[in-house]
Structures are given as C-alpha cells and as structure tokens.
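**Student:** Questions regarding the structure given below will be posed in turn.
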Amino acid sequence: MTTLTYSREELLAEHQYTEKFTHKGHTLHGGLTSDGIYKPPRSLNRIQAIENWTEELRKGGHQLKIMDEVKEVIAGDFFPTEEQAKFLMRNGCKDSMTRILTIIGVVEGFGNDGIKLLPATDMQQFFVVSIEGTALAHLHGGLLTAHGHDEAGTDHEQGHDAMWYAVRDRALGNPTITDDMFEDLPIAPPPGYQGKAKAADSVKSMGTIGKQIFPQINMMLELTLMALARILHIEYGAYATFHWAQQVLADPEVSEAPEWAPKVVGYIQEDEDIHVSYLRCALAEARARTLICEDGSHLSGIEVIDKLCEVVKKQMGGKRRELMSIHRYTQILKELKIHPDGERILKEFKSLGRVPELEDSEPEAARA
Ligand SMILES: [Fe+2]
Ligand SMILES: [Fe+2]
C-alpha cells in the first residue's frame with residue numbers, strides 16, 4: 001500500500017552518507033551514499049512522499065502543472081550571458097563575478113526567513129474534502145522546515161547560501177568579500193531576516209501585504225497559497241542561474257574549481273527539484289479541491305490557484321528580474337570604470353550580448 005502519511009521525523013530523516021563535502025572546515029548538507037550517488041539532505045523519505053502525493057493527484061486526473069512554463073520562459077535568460085561572464089573573467093574582472101555569486105547565496109538564505117513567516121495553520125479547515133495524505137497536510141509537518149534548512153542550513157550543516165559562497169570561493173580563488181557586496185540589493189530581505197544584506201531604498205519589501213485577492217477566503221489561507229506560488233516562481237527562475245553558473249564555472253580558463261564548482265551547483269539543483277515538486281504538488285492539491293469561504297460558502301480551487309499564479313507571474317516576472325540584471329550591470333560598470341583597460345573591455349562586452357537599459361545616465365565607462 002502506498003504511504004501517504006508521514007511524521008515530521010520521517011520527512012526530515014537523512015540517508016546514511018558515506019561521503020560528505022566540506023568547505024573551510026564546515027560540513028555541507030547532503031552527500032554521497034555507498035552507491036556513490038548524491039542524495040539531497042533530508043531526502044530518505046521526502047522525495048518518495050512527494051511522489052506518492054503527486055501520484056494520487058495523477059490518479060484523480062487532476063492537473064499537475066503549476067506555472068511550469070515559467071521555467072521555460074526564464075531558461076537561458078541570465079545577464080551577463082555565459083560568454084559575457086567568461087570574457088570579463090578572462091580580462092581579470094573578478095569583482096563583478098564575486099558579487100553575482102554572493103547575491104545568489106544571499107537570496108538563497110532569504111528563502112528560510114520567508115518560509116518562517118508562514119504561521120502554522122490547520123489547512124483542513126479551509127477545504128471541503130479531507131486533505132489527509134496530501135502535501136498540503138504535511139506543509140507544517142516537516143516540508144516547510146526541511147525546505148528552510150535546505151536553503152539556510154542547520155546548526156551543524158551548511159545549506160544553499162553557504163554552498164554558493166563555497167562555490168564562489170573555490171572557483172574564484174578566495175576573492176575579497178566586502179560589506180558593500182551585501183548592500184543596495186535590488187531585492188528586499190523578508191521580514192525577520194537578521195543577516196547583513198540590505199535592499200536599496202527604492203525596493204519595496206517582499207513581505208508587504210497587498211489587498212486580498214479573494215477577500216471571501218481566510219486571509220492566512222490566501223497568504224499561504226500566495227507564498228507557495230511565489231516561492232515556486234523563484235525556484236523555477238533559479239534553474240537559469242544553475243545552468244549559467246555550471247557553464248561558466250566549468251571552464252578551466254576562468255574557474256579555479258572547474259570540476260568541484262559545477263558539481264556542487266548540480267547538487268544544489270537536485271535539492272531544489274524537491275522544492276519545486278512539493279510546492280507544485282501542494283498548489284495542485286488546493287486547485288483540485290473546493291475551498292470554504294469565511295461565510296461558509298464554497299469557492300473553486302481552480303479559480304483561486306489560477307488567479308493567484310497569474311498575479312505571481314505578473315509580480316515576479318519581467319521587471320523584478322530586470323532589476324537584478326541592472327544591479328549586476330551597474331556593478332560591472334563600476335569595476336570597468338577603474339580598470340585600466342575598461343573602455344575596451346566594455347565595448348567588447350557589449351558586442352557579446354544584450355546589456356540592460358539603465359534608467360539613469362550610464363557611468364562614464366559605459367559610454368565607451
Ligand atoms: Fe536553494
Ligand atoms: Fe529552494
């Protein structure tokens with residue numbers, strides 16, 4: 001019989017690892033089992049559980065795809081392109097690359113704080129049909145905790161944020177990390193974040209609560225579903241980053257860890273696959289059900305989930321990604337401005353691919 005109910009301990013249970021990876025004396029999460037294959041952290045039962053819940057949806061003939069197209073739309077869309085990034089590094093411009101990899105790590109860490117904002121809620125009260133044996137029923141029973149640990153680590157093991165820093169340090173030969181790399185970011189930390197990253201003044205907090213889209217349903221339910229959809233969108237977007245980083249950091253001409261760095265990025269991606277699959281499953285389960293409104297009336301899950309996803313795609317799509325590209329371009333321009341051969345490098349850099357349009361006038365070096 002298929003297992004559909006798991007305890008928190010079961011969802012957090014670890015494989016017996018025979019090889020763990022370390023960086024600067026710290027242990028990274030996950031590792032290799034005796035078969036020499038990488039297994040993500042807390043995945044002894046978690047992957048199977050999500051597969052079982054997803055299979056139930058499939059058997060019921062329900063739609064499994066939730067914003068899947070986002071992954072395709074974003075694929076290959078990373079500024080600077082692989083070619084541009086390698087060109088910069090071949091010309092000794094390591095600072096911009098250091099900043100890009102640092103911010104990727106910082107944003108990974110934000111994931112945990114964002115997840116912690118979701119209050120433990122009894123999800124059953126919002127649905128007509130039982131949610132027993134679903135991902136929805138296990139969100140606060142281990143799934144969200146495991147996800148948060150994956151992103152930001154635990155007391156004894158490092159998670160994705162530190163793993164990206166490790167990739168950066170090994171591939172770029174322990175570059176100097178300065179406080180300003182964590183400042184003026186185009187994305188705001190979630191409320192409750194305690195690290196040193198700071199958003200630019202112009203950036204609105206991600207935690208800002210807008211008007212409820214479905215005022216007839218419980219506010220916490222909408223907040224939770226909306227958060228799941230937002231995080232799923234971020235996870236889809238990360239695939240473009242993984243692909244880009246693997247391609248760039250596998251090149252021995254520009255990377256000091258051409259094997260280790262892309263391998264670890266691949267491990268991070270395997271961990272993220274779990275996030276995508278449970279978020280998509282939980283949202284698809286909500287979509288397949290009828291919701292109970294505050295006044296006791298009913299509302300179609302299809303209507304709610306499809307609308308929330310549409311809003312998320314609008315909020316998280318184009319402009320937000322472009323702001324991140326502009327931030328990266330600004331850093332590149334700053335580095336080139338003080339580079340003795342900056343003008344020539346910038347000219348060639350621009351000829352290798354698109355550059356974002358800056359709202360203000362470009363710094364001097366940009367006019368080369
Ligand atoms: Fe992550
Ligand atoms: Fe993730």
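**Student:** Which of the numbered conditions does Tyr6 fail, given that it passes all the others? Conditions: (1) in contact with a Gly (Cβ under 8 Å, 6 or more places away or on another chain); (2) assigned to a loop (DSSP other than H, G, I, E, B); (3) surrounded by fewer than 20 Cβ atoms within 10 Å (Cβ to Cβ).
**Tutor:** Failed condition: (3).
**Student:** May I ask you to verify whether Arg280 is at pLDDT below 95, assigned to a helix (DSSP H, G or I) and out of contact with any strand residue (DSSP E or B) (no Cβ under 9 Å at 6 or more places or on another chain)?
**Tutor:** In short, no.
**Student:** What pairs come up if the first residue lies in region 130-157 and is within 28 Å of Ala288 (Cβ to Cβ) and in a helix (DSSP H, G or I), the second is within 14 Å of ligand 1 (Cβ to nearest atom) and among the acidic types (Asp, Glu), and their beta carbons are under 6 Å apart, counting only those six or more places apart or on different chains?
**Tutor:** From residues that are within 28 Å of Ala288 (Cβ to Cβ) and in a helix (DSSP H, G or I), the pairs are Asp150/Asp271; Glu151/Glu108.
**Student:** Look through Leu279, Leu225, Leu221 and report the one residue that is under 24 Å from Thr290 (Cα atoms), among the aliphatic types (A, V, I, L, M), within 16 Å of ligand 1 (Cβ to nearest atom) and buried (at least 17 other Cβ atoms within 10 Å of the Cβ).
**Tutor:** Of the residues listed, the single one that is under 24 Å from Thr290 (Cα atoms), among the aliphatic types (A, V, I, L, M), within 16 Å of ligand 1 (Cβ to nearest atom) and buried (at least 17 other Cβ atoms within 10 Å of the Cβ) is Leu279.
**Student:** Just to be sure I understand, how many residues within region 74-96 are of a type outside the set (Gly, Ala, Ser), under 17 Å from Leu323 (Cα atoms) and in a helix (DSSP H, G or I)?
**Tutor:** Residues meeting the conditions: 1.
**Student:** Looking only at residues that are in contact (Cβ under 8 Å) with a residue 60 or more places away in the chain and among the charged types (D, E, K, R) in region 166-189, which one is surrounded by the fewest Cβ atoms within 10 Å (Cβ to Cβ)?
**Tutor:** Asp184
**Student:** So which of Glu259, Glu253 ends up being modelled with pLDDT of 95 or more, in contact with a Lys or Arg (Cβ under 8 Å, 6 or more places away or on another chain) and away from ligand 1 (no atom under 16 Å from the Cβ)?
**Tutor:** Glu253
The values are calculated or read from the model by the stated rules, or taken from the named source; none is laboratory data. Nothing here was measured: the structure is a model prediction, and the numbers come from that model. Please note: Cβ atoms are built from the backbone with ideal geometry, for glycine as well, and neighbour counts cover all protein chains shown.
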